[in-house]
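The values are calculated or read from the model by the stated rules, or taken from the named source; none is laboratory data. The structure displayed is predicted, hence computed values, not measured ones. Because the Cβ atoms are built from the backbone with ideal geometry, glycine has one as well, and the counts that use them run over all protein chains shown. SASA here: full protein model, heavy atoms, side chains in, ligands and nucleic acids out. Shrake-Rupley method; radii C 1.70, N 1.55, O 1.52, S 1.80 Å.
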Amino acid sequence: LNFVIAGEGFPAAKVLETVTAAPEARVVGVFTDLSQPRRLKSLAEAAGAGLYDARSLATPAAADMLARLEPDWLLNANSTVVIDRAVLAVPSAGCLNLHPGLLPRYAGLHTHQWAIRNGDSEFGATIHFIAPELDAGDVVSTVRFPIKPSDTGLSLFQRCIDAGVSAMSAAVQDLLAGKELPRTPQDLSYRRIYRHRDALDARIDWTMPARAVVDFVRAGNYEPFQSPSYTAELDAPRGDSSAPKVLVAAAAAAGGGGGAGAIGEWRDTGPAVTCGDGTAVVLAKIVWNGRKMTRDDWDSYCSLLPARLLRGKAERGR
Amino acid sequence: VPADSAQIVRWVREFVAQHSGKPLESLPEYALDRDLFEHGDLDSFGFVELLSVLGDRTGRALDLSDVDPAELAVLGNLVSRFSGEAPR
């Protein structure tokens, strides 16, 4: 069997390793971001596979070039390129995608962060045939796992990728064993597509219940790395364009005072802020101007606000 | 056989070389107090990939929801997690 592998980083590298470990399989091409010096490129070169620009897969012109490689399967892992339908028609057996999310409810990007924000208790990864419509193809397999209260955007991303890579490797093993892959059509009435731009607003909506505020904050937490979408922010103070970023928030045992966004007293780890359901969250790990806020920093910050009130998403003019 | 600290440091250094596209010999020797993130050795994808590679090789899976990832920036902390040895 001839395989073409498309994707980036660890997921694509792992799929490549799975395929190259089988004597009856041959990797005839790897499509990736050629500008990035990644392990995948070294592995591809070691396997004797040609390297190609992944972006070309979005164009019909790539179909002719792909046809010359005579692939049976195209395996896509962790690539955001939407593959052109003419390209999808080339592999004789089909094209598979590793989607780090549950389908059909979580199509698109940053879906693990949305699952936390939506208050879900479980998440997962899906292996599916690639259809011309984004993340809409027949499902081969789904792996599910619980979302823990301690999960952040980063930790859930890790679990999604690990589970997805294992599922893709299992599908490849089945292909190599000559098994026919299951194909379950998605019920597209449940389909929801999350776009990158939908996930960029970092302002906290203080009218949400405390639980939802906590989830919003932890979903955006990729510490110590930069989140691919947002990190929760407090209001930018007067005369200072830098908005403090919040990495951790916990629902407080005691309720808050005042309305949504009212700033309460400083507790053990940070300030309390009242949420829309009348209960408070206690913020922790607030980073402002490049360093973690102390209580004195917080007092300075509050003195720059028009009132002891965080307007968050209700703030106008930002 | 559990991997020892020196072996894990070698794996980390080899991984960073591959991930960054730099020749292994161009990297400095890694001390256990090296901050992998501060030096720009890894991004989030590289970090997750490194955890998987070390998990595969040592048989010790590490779930980021159980630890503070920022602590793992220090090589010695990362090594102790995968070697089972106490942090130095």
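Summary table below
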| quantity | calculated |
| --- | --- |
| Shape category assigned to segment A:1-87 from the gyration tensor of Cα positions, a/c cut at 1.5 | oblate |
| Partner lysines for A:Lys41 [C-alpha distance under 22 Å; skip if fewer than 8 residues away on the same chain] | A:Lys14, B:Lys22 |
| Accessible area, probe 1.4 Å, largest first, for residues A:Tyr190, A:Tyr301 | A:Tyr190, A:Tyr301 |
| Pairwise FRET efficiency - A:Ala46 versus B:Ala70, Cβ, R0 = 41 Å, nearest 0.05 | 0.75 |
| Chain A - percent relative contact order, Cα under 8 Å, separation 6 or more | 13 percent |
| Estimated distance in nm for a label pair at B:Asp56 and A:Ala67, the labels positioned 7 Å out from Cα along Cα-to-Cβ | 3.6 nm |
| For A:Thr279, distant residues with modelled amide H under 5 Å away | A:Ala210, A:Gly256 |
| Residue-wise HN-Hα coupling along segment B:11-25, computed from phi with Karplus coefficients 6.51, -1.76, 1.60 (Hz; x: Gly, Pro) | 4, 4, 5, 5, 5, 4, 4, 5, 5, 8, x, 9, x, 4, 5 |
| Accessible heavy-atom area order of A:Thr111, A:Thr59, A:Thr207, highest first, probe of 1.4 Å | A:Thr207, A:Thr59, A:Thr111 |
| Under 15 Å, Cβ to Cβ, from A:Ala54 - net charge with Lys/Arg +1 and Asp/Glu -1 | -1 |
| Chain A: antiparallel DSSP beta bridges as a percent of all, rounded to 5 | 55 percent |
| Overall form of segment B:1-53 per C-alpha gyration tensor (a/c, 1.5; a/b vs b/c) | rounded |
| Calculated log₁₀ intensity ratio I(q)/I(0) where the Debye formula runs over C-alpha points of segment A:160-243, q = 0.18 Å⁻¹ | -0.98 |
| The protein assembly as shown, Cα convex hull volume normalised per residue, Å³ | 166 Å³ |
| Angle in degrees between helix A:153-176 and the longest Cα principal axis of chain A, rounded to the nearest 10 | 10 degrees |
| Crossing angle, helix A:9-20 versus chain A [Cα axis fit, 0-90 degrees, rounded to tens] | 20 degrees |
| Cα gyration tensor shape of segment A:246-293, rounded if a/c is under 1.5, else prolate or oblate by comparing a/b with b/c | prolate |
| Hydrodynamic radius of segment B:12-88 per Kirkwood, over alpha carbon pairs, in Å | 12.7 Å |
| Spin-label proximity, B:Lys22 to segment A:36-64 - amide N less than 17 Å from point 7 Å beyond Cα toward beta carbon | A:36-39 |
